[in-house]
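Working notes for the structure below.
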Amino acid sequence: MKVYIGDSAIIAAMAADRYAELLKNKPNAILGLATGSTPLGLYAELGRRCSAGEITFKSVRSFNLDEYVGLDGTHDQSYRYFMNENLFKYIDIDIAATRVPSGIDIAAAAAYDDEIEKAGGIDLQLLGIGNNGHIGFNEPGTPFGSRTHLVDLTESTRIANARFFSSIDEVPTQAVTMGIRTVMNARKIILMAIGSAKAPIIAATINGEVTPEVPASVLQLHPDVEVYLDQEAASLL
Ligand code: GLP
C-alpha cells in the first residue's frame, strides 16, 4: 500500500490526478465508484476538471459499490440518487453506462459480478471506509471470497448513516454490496478517509492483522492500493 497524507483539498486533487492519468491512457476505463461524504471533494474536483475540458468520461463505464435495499433510484437517500446528484450530473459520462446495484430487484445482485467481468473488469475502484472497517457494505465477518450479495447492516452502521435520514427507523436494515472478492478483483484501488473518527480503523487497516473482522485489512493483500488520508485520519499511523 502507498499512503498519501495531506489536507482534504490536496488529497482530493491527488486522487483526481490518478483518474486523469487513467483516463488519458484508457479513455474507456471501467470505474468502481463509492458513496459517502468522503469522496465528495474528489467528485467535485472531477466535475471541475471535466467542465474545464481537462478530462472526459464520455467512453467510461461505471459500477457502484452498493445500494440500500428498499430504496429505488428516485429516493433521495438511495445511492443511485447520490451518484446522479454528486457526480454524474457534473461530468460527461453516459448515464446509461453507469450501474448501481438495484435495491429493489435483489435477485439481480447475483449477476452483478458477471456484468463487471463482461465489461472487462474494474480498472480503478474507489473506496471509503466505515468506522467498523467496512468497505462497500461488507461488514465485519464477511468472507474475503464474497461476491456481490445481500447484507444485513450492523446497528453501528445504521446509526452512523442515520444522520442522512429523518430518523434511525428510516435507515434500511439491509443493502446489496459488491463482495470483498469483487473489490479485490479491481486492477487498482484507491481508499480515502477523512477525519479523526476514522483514525483507529485506518491504523488497524494499514498496520493491523489481515482479518475478516476488519474487512478493509484485506487491502494489504492487493498489489496496487493507494490510500489518501487527511492528517486526522492518519493520526494513529
Ligand atoms: C457507507 C458506505 C461506504 C462508505 C461509508 C463511509 O456505509 N456504504 O461505502 O465508505 O459509508 O461513509 P463516509 O464517507 O460518509 O464516512
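Miscellaneous remarks
- Whichever residue in segment 16-50 is under 22 Å from Gly120 (Cα atoms) and within 16 Å of the ligand (Cβ to nearest atom) and, among such residues, is farthest from the chain's Cα centre (by Cα): Leu31
- Ala52 being over 29 Å from Gly195 (Cα atoms), of a type in the set (A, V, I, L, M, F, W, C), at pLDDT 95 or above and touching a Ser or Thr at 6+ places or on another chain (Cβ under 9 Å): no
- Residue in segment 117-127 that is touching a strand residue (DSSP E or B) at 6+ places or on another chain (Cβ under 9 Å) and closer than 24 Å to Glu209 by Cβ present: yes
- Of all residues in segment 219-232, at least one satisfies being closer than 22 Å to Leu153 by Cα and of a type outside the set (Gly, Ala, Ser).
- Any pair with Cβ under 6 angstrom, 6 or more apart, that starts in segment 152-176 at a residue that is farther than 17 Å from Gly103 by Cβ and ends at one that is of a type in the set (Lys, Arg) and outside any helix (DSSP H, G or I): none
- When the strands (runs of 3 or more DSSP E) confined to segment 64-169 are screened for residues that are farther than 18 Å from Pro39 by Cα, those reaching at least 3 such residues are found at 149-152.
- Ala162 vs. criteria more than 25 Å from Ala234 (Cβ to Cβ), within 9 Å of the ligand (Cβ to nearest atom) and of a type outside the set (Phe, Trp, Tyr): no
- Subset of segment 56-93 [touching a residue at least 24 places away in the same chain (Cβ under 8 Å), away from the ligand (no atom under 16 Å from the Cβ) and over 21 Å from Asp113 (Cα atoms)]: Thr56, Phe57, Lys58, Tyr90, Ile91, Asp92, Ile93
- Residue within segment 8-15 that is surrounded by 15 or more Cβ atoms within 10 Å (Cβ to Cβ), within 16 Å of the ligand (Cβ to nearest atom), polar (S, T, N, Q) and part of a helix (DSSP H, G or I) present: yes
- Where a residue in segment 206-224 is without any contact (Cβ under 8 Å) to a residue 12 or more places away in the chain and of a type outside the set (S, T, N, Q) and its partner, wherever it lies, is part of a helix (DSSP H, G or I) and surrounded by 13 or more Cβ atoms within 10 Å (Cβ to Cβ), with Cβ under 8 Å and at least six apart: Gly208/Ser217; Glu209/Ser217; Val210/Ser217; Val210/Val218; Val210/Gln220
The values are calculated or read from the model by the stated rules, or taken from the named source; none is laboratory data. Only a predicted model underlies this, so the values are computations on that prediction, with no experimental measurement involved. Positions of Cβ are generated from backbone atoms using ideal geometry, with glycine treated the same way; all protein chains shown enter the neighbour counts.
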